[in-house]
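Undergrad: Right, I'll just put the structure down here and ask away after.
The values are calculated or read from the model by the stated rules, or taken from the named source; none is laboratory data. Remember, predicted model here, so these are calculated numbers, not experimental data. Because the Cβ atoms are built from the backbone with ideal geometry, glycine has one as well, and the counts that use them run over all protein chains shown.
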Amino acid sequence: MSLLRYLLIAGLLVVISLPLSGCEQAGERQKMKIGYMNCNSEAETRARFLPLTAYLSHYTGIDFEAVPVDTHEFAERYAQGEFALTHSNSLLYVQLKFDHELQLLAAEKRGNFGSRSAGTIIARKGSGIEKLTDLKGKRMVFGPMMAPTGYLAQYDLMLRSGIDPERDLAYYAIPSGSFKHEKLVYGVYFGAFDVAAAPLLDLEVMTREGKITADDFVILGQSPLVPYCTFGAAAKLVPAVVEKVRRALLELTPETTVDIAGERVKVLKSAWIDGFEALRDADYDVVRDMARRVNMPPYQEY
Amino acid sequence: MNWRDRHLWLVILAGGVFGVLGVMLSVWGNPANSGICVSCFLENSVGALGFHDNDRMQYLRPELPGFVLGATVSALIGREFVARGGGAPLPRIVAGILLMIGCAIFIGCPIKLFLRLSAGDLTALAGVAGLICGVWIGLQGLGHGVSFGQPLKERGTGWITPLFFLALLAAFFVRPGFLLFSERGSASLHAPWFLSLGAGLVLGGLAQRTRFCITGGIRDGLILGRRAPLLWGGIAFIISAFLFSILVGRFNVGWLGQPGAHLETVWNFTGMLLVGIVSALIGGCPLRQLIKSGEGDTDAGLVVIGMLIGAALVQAWGITATAAGVPSDGKIAVLTGLALTVLSMLLFRERETE
Amino acid sequence: MFVDRYDRLLWAVFILLLIAIATTTAYSLQGSAYVTQHNDRNLARKMIERARLDYLADLYAPVTAALESGDYSHALLALGEVQRSFPDEAYGQVLKGVILSKMGAIDAALESLAAGIKRDGNYIDRNGSLSYRETVAALVVNQLPLYAARVANDAGDTIALTSKRHLHYLQSRLAGGCE
């Protein structure tokens with residue numbers, strides 16, 4: 001075959017492929033769902049994460065859809081393949097990593113400790129409860145069971161301090177419905193409970209918002225710092241997509257905006273997030289160790 | 001005197017407008033008797049830029065960019081914008097500093113001197129005498145060969161000062177974080193920006209077209225007598241300011257209790273003496289230097305830089321006089337300024353025997 | 001420069017002016033007004049500085065009290081209350097860094113310290129009021145080798161890279177030099 005024929009065929013192929021590739025790009029954008037763990041309600045979750053989802057769609061060229069998911073359904077719905085990306089607390093990340101090889105994308109930064117936070121045990125100031133050993137025989141309120149800094153960390157802290165929540169407390173309860181963490185802080189403040197397992201972040205936020213003051217409570221104990229909310233990606237996801245989403249999250253700044261129904265919205269502010277950073281999986285070992293000691297998923301033994 | 005000369009009437013018109021706007025800017029918000037005061041505006045503006053820490057004297061006055069840019073536009077329209085300069089650059093910077101010292105001791109530039117006088121402030125009389133004496137001494141120096149050299153044509157450099165003031169104007173609107181604005185004191189008093197800027201542009205354009213200058217008027221009056229158009233411009237300025245001061249109820253004749261004035265007659269005289277000598281030697285009062293810098297004169301641009309430095313120094317070092325009087329540092333500074341001026345007259349003199 | 005009568009006149013005036021300057025200076029230095037004028041300026045500066053220190057000490061008193069008693073969580077909450085009104089104030093940022101470092105949140109501590117000291121270098125100066133120089137110096141000495149090792153092991157560890165950058169900034173400020 002002569003060089004001229006080669007060039008003619010190659011040129012023809014290029015001419016034919018150009019409009020085809022254009023059609024594909026313009027017509028069929030990839031679709032993908034992100035499961036966002038509900039904090040208080042589906043409506044709140046949707047509103048919070050709509051700009052972030054739109055930003056990720058804009059950045060990656062993939063049409064993302066936000067799916068609000070209750071904490072207790074999160075693992076199950078993920079296992080059913082309902083969503084490929086996850087935004088959950090660190091304990092759910094550990095569980096999904098253990099069960100489904102979920103990939104770590106980025107950790108959310110919020111509050112004084114950046115991508116980490118801690119669990120505290122608080123009592124009302126002047127109640128006479130000053131230290132962890134005073135907990136015995138008291139009425140305690142925990143956060144939801146899958147909350148790393150509202151349940152796991154405090155439970156672990158008590159066990160390590162020689163207090164068995166199942167035996168040594170008068171009783172303990174877990175509030176129902178929305179705003180569980182605020183409810184337990186107010187529960188102690190108004191005397192319904194003697195002590196509460198309060199996430200340090202919620203105390204920070206409530207103090208900053210003027211809902212409580214630092215002098216209202218005594219902090220009896222504080223857990224080690226553990227990673228906070230985390231973005232994960234399904235193991236089967238194409239590495240290029242994973243990398244693109246990670247980059248999109250890490251490049252977010254407080255000034256990043258996105259267009260929502262004709263309005264410029266700040267992505268991070270809307271999601272109540274300060275930013276994202278790239279933690280390593282080993283940073284979650286502290287959560288794994290706690291889960292093992294407290295006998296919680298994914299290490300639960302019956 | 002040719003009363004049919006169109007230029008003469010233009011100068012008289014310019015003087016009249018200066019008088020009217022000088023009073024009205026005060027009515028619109030500028031400090032009393034300081035509707036137009038180049039030295040005060042410079043002190044305010046360098047304060048806004050953070051060059052001194054007197055938090056009563058920090059405001060980026062839009063009149064200043066108005067003067068310069070008005071002159072630039074007028075010069076461009078009249079095809080008079082010519083980049084020129086090169087005569088004794090360092091002495092011109094020092095001259096600018098000395099102008100600000102003299103103005104600081106009197107509390108005001110020559111324009112404000114006559115605004116004060118036309119509003120009835122009799123303490124300004126000593127300043128008038130000092131200014132006239134100063135211009136006369138400067139003229140004697142020029143007559144005896146004192147010269148800072150003749151400007152040469154340059155390329156491009158004429159735009160530097162207008163661009164600087166354009167940047168200042170942009171900063172006024174953009175308000176970058178480093179700008180400081182007084183919330184008390186005289187700098188907190190100002191006319192609405194559009195009136196300040198508008199007045200500045202009009203006056204800058206008129207001053208460029210007519211060469212309006214207070215010390216220039218005195219100089220021409222001393223040399224040409226009644227034939228000097230600038231002298232009539234100055235007289236028109238004083239009369240219109242006087243009439244408008246009465247009209248708006250701001251005329252208050254007397255020595256005591258005048259706004260922005262002190263009673264130290266000797267130092268009022270000395271401050272304006274220094275301004276008069278220096279202005280005569282470098283070819284114009286502080287306003288004229290701004291106008292010339294706007295039409296491409298880089299020598300005047302250097303004087304403006306000197307005035308900016310001087311404006312910062314008089315505030316930062318506490319040289320400037322207040323209603324309480326002239327501080328010791330101010331007295332030493334103005335005498336040192338006079339000594340430096342006399343020394344420079346010796347150094348820059350072209351002698352016939354040489 | 002002594003060519004003619006005009007030259008001689010100028011020299012005479014110049015000498016007279018020098019005498020006037022000397023006389024005025026001597027008179028001014030003798031008089032109490034001159035000293036008072038300059039003392040006033042220095043006094044005003046001292047008053048402002050003292051007022052600043054007193055105000056900061058008063059504003060952050062609950063925070064520093066909790067910090068000194070080792071109640072770091074409480075200190076942090078008290079700081080949150082102050083920062084509600086003054087979110088980015090330099091001393092608050094430095095205090096936050098110190099508290100976080102005591103709580104073991106080194107990355108966040110370094111971020112706060114660097115931000116606070118960038119705003120106001122007084123808090124790391126040897127003679128600065130309210131200085132936390134020793135705390136910061138100890139943090140730099142102890143943490144820099146650890147972060148250097150982390151970066152050496154994993155060049156993609158962005159958190160370690162950021163913290164190492166903050167440490168180098170603090171190290172540079174501790175080393176002094178002209179600002």
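Listed here are the residues, each with its yes/no results for (1) at pLDDT 95 or above; (2) in a helix (DSSP H, G or I); (3) surrounded by fewer than 19 Cβ atoms within 10 Å (Cβ to Cβ).
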| position | (1), (2), (3) |
| --- | --- |
| B:Asp220 | no, yes, no |
| B:Leu231 | no, yes, no |
| B:Ile239 | yes, yes, yes |
| B:Phe242 | yes, yes, no |
| B:Asn252 | no, no, yes |
| B:Asn268 | yes, yes, no |
| B:Gly271 | yes, yes, no |
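Undergrad: Filter the helices (runs of 4 or more DSSP H) completely within the stretch A:6-112 down to those with at least 3 residues that are out of contact with any Phe, Trp or Tyr (no Cβ under 8 Å at 6 or more places or on another chain) and modelled with pLDDT under 95. Show your work before the answer.
TA: Working: elements: A:42-60, A:71-79, A:90-100.
Per the criteria, A:42-60, A:71-79.
Undergrad: May I ask you to verify whether B:Arg175 is modelled with pLDDT under 95, at negative phi, surrounded by fewer than 21 Cβ atoms within 10 Å (Cβ to Cβ) and out of contact with any Ser or Thr (no Cβ under 8 Å at 6 or more places or on another chain)?
TA: It is false that B:Arg175 is modelled with pLDDT under 95, at negative phi, surrounded by fewer than 21 Cβ atoms within 10 Å (Cβ to Cβ) and out of contact with any Ser or Thr (no Cβ under 8 Å at 6 or more places or on another chain).
Undergrad: Go through C:Asp58, C:Asp107, C:Asp120 for me and flag whichever is surrounded by 15 or more Cβ atoms within 10 Å (Cβ to Cβ), among the acidic types (Asp, Glu) and more than 13 Å from chain A (Cβ to nearest Cβ).
TA: Of the residues listed, the single one that is surrounded by 15 or more Cβ atoms within 10 Å (Cβ to Cβ), among the acidic types (Asp, Glu) and more than 13 Å from chain A (Cβ to nearest Cβ) is C:Asp120.
Undergrad: Evaluate the stretch A:263-275: report whether one residue or more is of a type in the set (Asp, Glu), closer than 19 Å to A:Met37 by Cβ and either outside the structural domain of A:Phe64 (by TED's automatic domain parsing) or within 19 Å of the chain's Cα centre (by Cα) (or both).
TA: Step one: list which residues in the stretch A:263-275 are of a type in the set (Asp, Glu), which gives A:263, A:274.
Within this subset, residues satisfying the condition of being closer than 19 Å to A:Met37 by Cβ are A:274.
Filter once more, so that each one left must be either outside the structural domain of A:Phe64 (by TED's automatic domain parsing) or within 19 Å of the chain's Cα centre (by Cα) (or both): A:274.
Yes - at least one qualifying residue is present in the stretch A:263-275.
Undergrad: I've got another one for you. From the list A:Gly128, A:Gly143, which one is over 19 Å from A:Ala271 (Cβ atoms) and touching a His at 6+ places or on another chain (Cβ under 6 Å)?
TA: Residue meeting the stated conditions: A:Gly143.
Undergrad: Farther than 25 Å from B:Ala119 by Cβ and of a type in the set (Val, Ile, Thr) - does that describe any residue in the stretch B:250-266?
TA: no
Undergrad: So the check is Cβ under 8 Å with 6+ separation or different chains; which pairs have a first residue in the stretch A:88-117 that's within 16 Å of A:Leu152 (Cβ to Cβ) and a second one that's of a type in the set (D, E, K, R)?
TA: Short answer, once both residue conditions are applied: A:Val94/A:Arg288; A:Lys97/A:Asp281; A:Ser117/A:Arg110.
Undergrad: Next question, about the same structure. Just to be sure I understand, how many residues within the stretch B:215-232 are over 16 Å from the mean Cα position of the chain (by Cα) and in contact (Cβ under 8 Å) with a residue 12 or more places away in the chain? Let's see the steps before the verdict.
TA: In the first step, residues of the stretch B:215-232 are kept if they are over 16 Å from the mean Cα position of the chain (by Cα); the result is B:220-229, B:231-232.
So of that shortlist, the ones also in contact (Cβ under 8 Å) with a residue 12 or more places away in the chain come out as B:221-223, B:226-227, B:229, B:231-232.
So the count comes out to 8.
Undergrad: Which of the residues spanning the stretch A:209-236 are of a type in the set (D, E, K, R), over 30 Å from A:His100 (Cβ atoms) and more than 9 Å from chain C (Cβ to nearest Cβ)?
TA: As a first pass, look at the stretch A:209-236 and keep what is of a type in the set (D, E, K, R): A:209, A:211, A:215-216, A:236.
With over 30 Å from A:His100 (Cβ atoms) added as a condition, the list becomes A:209, A:211, A:215-216.
Across the stretch A:209-236, the qualifying residues are A:Lys211, A:Asp216.
Undergrad: For B:Gly284, work out the one condition from (1) more than 16 Å from the chain's Cα centre (by Cα); (2) buried (at least 19 other Cβ atoms within 10 Å of the Cβ); (3) in a loop (DSSP other than H, G, I, E, B) it doesn't fulfil.
TA: Going through (1) more than 16 Å from the chain's Cα centre (by Cα); (2) buried (at least 19 other Cβ atoms within 10 Å of the Cβ); (3) in a loop (DSSP other than H, G, I, E, B) one by one, B:Gly284 breaks only (1).
Undergrad: I'd like to know if the stretch B:325-336 contains one or more residues that are assigned to a loop (DSSP other than H, G, I, E, B), modelled with pLDDT under 95 and at the interface with chain C (Cβ under 10 Å from one of its Cβ atoms).
TA: yes
Undergrad: Here's a follow-up. Yes or no: A:Glu182 out of contact with any His (no Cβ under 9 Å at 6 or more places or on another chain) and within 14 Å of chain C (Cβ to nearest Cβ)?
TA: Against the criterion (out of contact with any His (no Cβ under 9 Å at 6 or more places or on another chain) and within 14 Å of chain C (Cβ to nearest Cβ)), A:Glu182 does not qualify.
Undergrad: Tell me, which residue of the stretch C:1-16 that is at the interface with another protein chain (Cβ under 8 Å from one of its Cβ atoms) and over 15 Å from B:Ile137 (Cα atoms) is modelled with the lowest pLDDT?
TA: C:Met1
Undergrad: Another question about this same structure. So which residues in the stretch B:247-296 are charged (D, E, K, R) and more than 30 Å from B:Arg84 (Cβ to Cβ)?
TA: Filtering the stretch B:247-296 down to residues charged (D, E, K, R) leaves B:250, B:264, B:288, B:292, B:295.
The answer is B:Arg250, B:Glu264.
Undergrad: Something else about it: Determine which single condition B:Cys37 fails, assuming it passes every other condition in (1) more than 23 Å from B:Phe164 (Cβ to Cβ); (2) in contact (Cβ under 8 Å) with a residue 60 or more places away in the chain.
TA: So the condition that B:Cys37 fails would be (1).
Undergrad: State yes or no: is B:Leu117 of a type in the set (A, V, I, L, M, F, W, C), surrounded by fewer than 24 Cβ atoms within 10 Å (Cβ to Cβ) and without any contact (Cβ under 8 Å) to a residue 24 or more places away in the chain? First the steps, then the outcome.
TA: Values: of a type in the set (A, V, I, L, M, F, W, C): yes; surrounded by fewer than 24 Cβ atoms within 10 Å (Cβ to Cβ): yes; without any contact (Cβ under 8 Å) to a residue 24 or more places away in the chain: no.
It is false that B:Leu117 is of a type in the set (A, V, I, L, M, F, W, C), surrounded by fewer than 24 Cβ atoms within 10 Å (Cβ to Cβ) and without any contact (Cβ under 8 Å) to a residue 24 or more places away in the chain.
Undergrad: If a residue must be in contact (Cβ under 8 Å) with a residue 24 or more places away in the chain, surrounded by fewer than 17 Cβ atoms within 10 Å (Cβ to Cβ) and within 19 Å of B:Ser26 (Cβ to Cβ), how many such residues does the stretch B:254-266 contain?
TA: Summing the residues that are in contact (Cβ under 8 Å) with a residue 24 or more places away in the chain, surrounded by fewer than 17 Cβ atoms within 10 Å (Cβ to Cβ) and within 19 Å of B:Ser26 (Cβ to Cβ) in the stretch B:254-266 gives 1.
Undergrad: May I ask you to verify whether C:Ser112 is at the interface with chain B (Cβ under 10 Å from one of its Cβ atoms) and among the polar types (S, T, N, Q)?
TA: no
Undergrad: Against the definition (among the β-branched types (Val, Ile, Thr), touching a Ser or Thr at 6+ places or on another chain (Cβ under 7 Å) and within 14 Å of chain C (Cβ to nearest Cβ)), how does B:Val342 come out, yes or no?
TA: Judged against the criteria, B:Val342 is not a match.
Undergrad: Now a separate question. Would you check which residues across the stretch C:84-104 are modelled with pLDDT under 95, more than 16 Å from C:Val140 (Cα to Cα) and facing another protein chain (nearest Cβ under 7 Å) and list them?
TA: Correct list: C:Arg84 only.
Undergrad: Ok, one more. Just to verify a result, which residue in the stretch A:197-208, among those that are facing another protein chain (nearest Cβ under 8 Å) and not polar (S, T, N, Q), is surrounded by the fewest Cβ atoms within 10 Å (Cβ to Cβ)?
TA: A:Arg208
Undergrad: Restricting attention to the stretch B:328-354, report how many residues are touching a strand residue (DSSP E or B) at 6+ places or on another chain (Cβ under 9 Å) and small (Gly, Ala, Ser).
TA: So the count comes out to 1.
Undergrad: Ok, one more. Filter the stretch B:69-88 down to the residues that are in a loop (DSSP other than H, G, I, E, B) and within 12 Å of B:Trp159 (Cα to Cα) and list them by number.
TA: B:Phe81, B:Val82, B:Ala83
Undergrad: In the stretch A:131-148, which residues are in a helix (DSSP H, G or I) and over 20 Å from A:Arg288 (Cα atoms)?
TA: A:Leu132, A:Thr133, A:Asp134, A:Leu135, listed by residue number.
Undergrad: Only one of (1) more than 20 Å from the chain's Cα centre (by Cα); (2) assigned to a helix (DSSP H, G or I) is not met by A:Lys244, so which one is it?
TA: (1)
Undergrad: Related question: More than 14 Å from chain C (Cβ to nearest Cβ), small (Gly, Ala, Ser) and surrounded by 18 or more Cβ atoms within 10 Å (Cβ to Cβ), is that true of A:Ala248? Steps first, please.
TA: Details: more than 14 Å from chain C (Cβ to nearest Cβ): yes; small (Gly, Ala, Ser): yes; surrounded by 18 or more Cβ atoms within 10 Å (Cβ to Cβ): yes.
Judged against the criteria, A:Ala248 is a match.
Undergrad: Also, quick follow-up: So which residues in the stretch C:36-92 are in contact (Cβ under 8 Å) with a residue 40 or more places away in the chain and out of contact with any Phe, Trp or Tyr (no Cβ under 9 Å at 6 or more places or on another chain), if there are any at all? If you could, list the steps in order and put the result at the bottom.
TA: The first filter runs over the stretch C:36-92 and keeps only residues in contact (Cβ under 8 Å) with a residue 40 or more places away in the chain, leaving C:49, C:53, C:56-57.
Passing the criteria: C:Glu49, C:Leu53, C:Ala57.
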